[in-house]
1. Only residues that are surrounded by 13 or more Cβ atoms within 10 Å (Cβ to Cβ), in contact with a helix residue (DSSP H, G or I) (Cβ under 7 Å, 6 or more places away or on another chain) and not in a helix (DSSP H, G or I): list them for region 78-127, please.
2. Just need a number here: residues in region 67-77 that are surrounded by 10 or more Cβ atoms within 10 Å (Cβ to Cβ) and at positive phi.
3. Enumerate the pairs (first residue in region 84-111 and of a type in the set (S, T, N, Q); second residue anywhere and in a helix (DSSP H, G or I) and loosely packed, with under 12 Cβ neighbours inside 10 Å) with beta-carbon separation below 9 Å, excluding pairs fewer than 6 apart on the same chain, so at least 6 apart or on different chains.
4. Scan region 88-100 and give yes if some residue there is within 25 Å of the chain's Cα centre (by Cα), aliphatic (A, V, I, L, M) and farther than 26 Å from Val123 by Cβ, otherwise no.
5. So if I check each of Ser64, Ser49, which one is modelled with pLDDT of 85 or more and exposed (fewer than 10 other Cβ atoms within 10 Å of the Cβ)?
Amino acid sequence: MEALITWLSAWGFHDWNPWTFLTIVLMACVTVITRSFFFISDEPWNLPSWAQRGMQYAPIAALSAVILPEILMIKGTFIHTWADARIYGALAGAAYFFWRRGSAQAVLGTIVAGMSVYIPLHVGLAW
């Protein structure tokens with residue numbers, strides 16, 4: 001135990017708590033074990049058809065969970081005005097994406113269209 005304390009002190013952990021260290025080690029073990037379940041079995045894992053259909057919507061749901069609060073909220077509360085550049089930038093990006101869907105540069109064009117509306121409104125009008 002003294003060797004561990006000396007090693008941690010050498011790395012700058014002077015006020016370390018053994019319970020915190022134990023928690024980190026156990027959480028790492030749980031993470032490795034749960035992520036290794038797919039490698040333990042020799043048989044292929046087959047999801048039911050309803051789960052496979054649901055997995056098609058997982059990227060859209062995850063993206064919505066990250067992007068929508070960033071567009072519609074400020075410091076945990078919904079925006080109360082239409083004078084917010086994020087709304088118009090998101091609408092411009094979405095409009096471009098649906099207009100050019102299927103083309104090779106749809107994602108890059110979406111970013112450029114959204115930012116070309118967002119930046120002038122945010123910087124120029126201080127929205």
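1. Selection gives Ile79, Arg100, Trp127.
2. Step one: list which residues in region 67-77 are surrounded by 10 or more Cβ atoms within 10 Å (Cβ to Cβ), which gives 67-74.
Now narrow it down to the ones that are at positive phi: none.
Adding up the residues that qualify gives 0.
3. Going by the 9 Å Cβ cut-off, there are no qualifying pairs.
4. no
5. Values: Ser64 fails: exposed (fewer than 10 other Cβ atoms within 10 Å of the Cβ).
After ruling out the rest, the residue left standing is Ser49.
The values are calculated or read from the model by the stated rules, or taken from the named source; none is laboratory data. Keep in mind that what you see is a predicted model, and the values were worked out from it rather than measured. Positions of Cβ are generated from backbone atoms using ideal geometry, with glycine treated the same way; all protein chains shown enter the neighbour counts.
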